[in-house]
Amino acid sequence: MTNAPTALDSLTAFSGDFTQQEALPDNAIHAVTDVLRTGRLHRYNPVPESQSVVSRLEAAYAQWQGQNYCLACASGGYAIATALRALGVQPGDVVMTNAFTLAPVPGAIQSVNAQAVLVEVTDDLVLDLDDFTTKAAAHPNTVLLVSHMRGHLVDMRALMAIANDFNITVVEDCAHTMGATLHGTRSGNFGHVACFSTQTYKHMNSGEGGFLTTNDAELAARAIVLSGSYMLYERHGAAPAPDVFDAIRLETPNCSGRMDNVRAAMLLAQLDELDTNLTRWNERHDAMHRAIAESNRLVLPTAVDGALRIGSSLQFRAPWLDAEGCERFMARCSEWGVDLKWFGNPDPVAFTSQHRSWHYVKPHELPHTDSVLATLFDVRIPLTFSVEDCTHVGQLITAVAATIDDE
Ligand SMILES: Cc1ncc(COP(=O)(O)O)c(C=O)c1O
């Protein structure tokens, strides 16, 4: 049942800060201080007779994620590039990916000099499986880097069936889906290898950081050596047996991108609270979603059956607006204290960009993606907002939408 949306003149402006994360918990602060006191910040310089904090984090994250191997590294983008290198992607090889994602994704493909082939996205902001089938048929035996952009999970079972038909290796970009599940399986556990980010706006916050997880022992060994393990790979926390390294250790280049013990200490402490925080995000997301669902103008994406998303942001479309109307909508929301991002902006702004601004990628005709992005908005949901704040923001968005006509 839907209620009548609250009118704008009966609402107050919102004063929260959309870029404000929670402080790190005390146990993270103490753990970081303990590392600083030792002076042993490098992952291969642990306190004697002990495992480094990075190695302990890798073991803990591998267990939490449900994969055999985990590499902690410098960033999510670095994890993706490392996954592609470890898979043996060569210059000029095709790597398919969603057209709706953020610049670090095509950037990681470019960093290995591969050729990005962009796949259309649906109205529900996930990879279009029909377009994927067409492109997989045109590029069999290649790689798909599926980006679970803004937490929207595609039907991964259907996607894996198509990938298997065309011998496509699937890399999952889980920068926005740490902890999300589909029919009870964690995102990242469908494909061959998964990449996560712990950059400051993600589900765990170490400023910068990332993970690569997989069950493929040889790929894990290559990724570890690639990350800059010197010949110290035996000191990793969730690594394959030493003999797996024998065949690859001298042929695999060192492209340094290690994590240090300081970041690992703050992440290890946050891992304890991750499940609780994922629930807190969803409570906030659901409150904002309920308020926006009252609009008869705004369109919210529908999740695939069986998906549990992690709502650290929310997206909706304003399909009745042209570009100028979208600008006015954002400006009016801003006057009421609500920061929106708009994916239809022809010029990339802050964190958002779209495929036409990635000039290093061969231009693509993606009419459906373009029509979706043209009126797509994005709002952050930091945990510093209460559930009531999120209802308030959703009410303001809904009420402002009711006042913006396409003139
Ligand atoms: C969808 C997506 N994938 C990958 C990344 C890369 O993560 P990082 O910033 O840690 O390199 C980001 C970062 O914003 C992202 O939004």
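At pLDDT below 95 and buried (at least 19 other Cβ atoms within 10 Å of the Cβ), is that true of Arg284?
For Arg284, the condition - at pLDDT below 95 and buried (at least 19 other Cβ atoms within 10 Å of the Cβ) - is not met.
Any chance region 114-123 includes a residue that's farther than 12 Å from Leu212 by Cα, within 13 Å of the ligand (Cβ to nearest atom) and not in a loop (DSSP other than H, G, I, E, B)?
Checked region 114-123: at least one residue is farther than 12 Å from Leu212 by Cα, within 13 Å of the ligand (Cβ to nearest atom) and not in a loop (DSSP other than H, G, I, E, B).
Give me the pairs: first residue in region 140-166 and within 16 Å of the ligand (Cβ to nearest atom), second residue among the basic types (Lys, Arg), beta-carbon distance under 8 Å, and six or more apart or on different chains, which are they?
Matching pairs, first to second residue: Gly151/Arg309; His152/Arg309; Leu153/Arg309.
For region 369-407, name all the residues that are surrounded by fewer than 15 Cβ atoms within 10 Å (Cβ to Cβ) and part of a helix (DSSP H, G or I).
Answer for region 369-407, where residues must be surrounded by fewer than 15 Cβ atoms within 10 Å (Cβ to Cβ) and part of a helix (DSSP H, G or I): Ser371, Val387, Glu388, Thr403.
Within region 94-112, identify whether any single residue is aromatic (Phe, Trp, Tyr), in a helix (DSSP H, G or I) and touching a strand residue (DSSP E or B) at 6+ places or on another chain (Cβ under 9 Å), and answer yes or no.
Looking for residues that are aromatic (Phe, Trp, Tyr), in a helix (DSSP H, G or I) and touching a strand residue (DSSP E or B) at 6+ places or on another chain (Cβ under 9 Å), one finds none in region 94-112, hence no.
Please work out if Phe132 is under 22 Å from the mean Cα position of the chain (by Cα), outside the structural domain of Ser312 (by TED's automatic domain parsing), part of a loop (DSSP other than H, G, I, E, B) and away from the ligand (no atom under 16 Å from the Cβ).
In short, no.
Can you pull out the helices (runs of 4 or more DSSP H) entirely within region 162-273 that have at least 1 residues that are in contact with a strand residue (DSSP E or B) (Cβ under 9 Å, 6 or more places away or on another chain) and buried (at least 24 other Cβ atoms within 10 Å of the Cβ)?
By residue number, 217-226, 261-271.
Kindly provide the set of residues from region 1-29 that are exposed (fewer than 12 other Cβ atoms within 10 Å of the Cβ), in a helix (DSSP H, G or I) and either of a type in the set (S, T, N, Q) or within 30 Å of the chain's Cα centre (by Cα) (or both), ordered by number.
Answer for region 1-29, where residues must be exposed (fewer than 12 other Cβ atoms within 10 Å of the Cβ), in a helix (DSSP H, G or I) and either of a type in the set (S, T, N, Q) or within 30 Å of the chain's Cα centre (by Cα) (or both): Ser10, Asp26.
The values are calculated or read from the model by the stated rules, or taken from the named source; none is laboratory data. Because the structure is a prediction, the values reported are computed rather than measured. In this analysis, Cβ positions are derived from the backbone assuming ideal geometry, glycine residues included, and neighbour counts consider all displayed protein chains.
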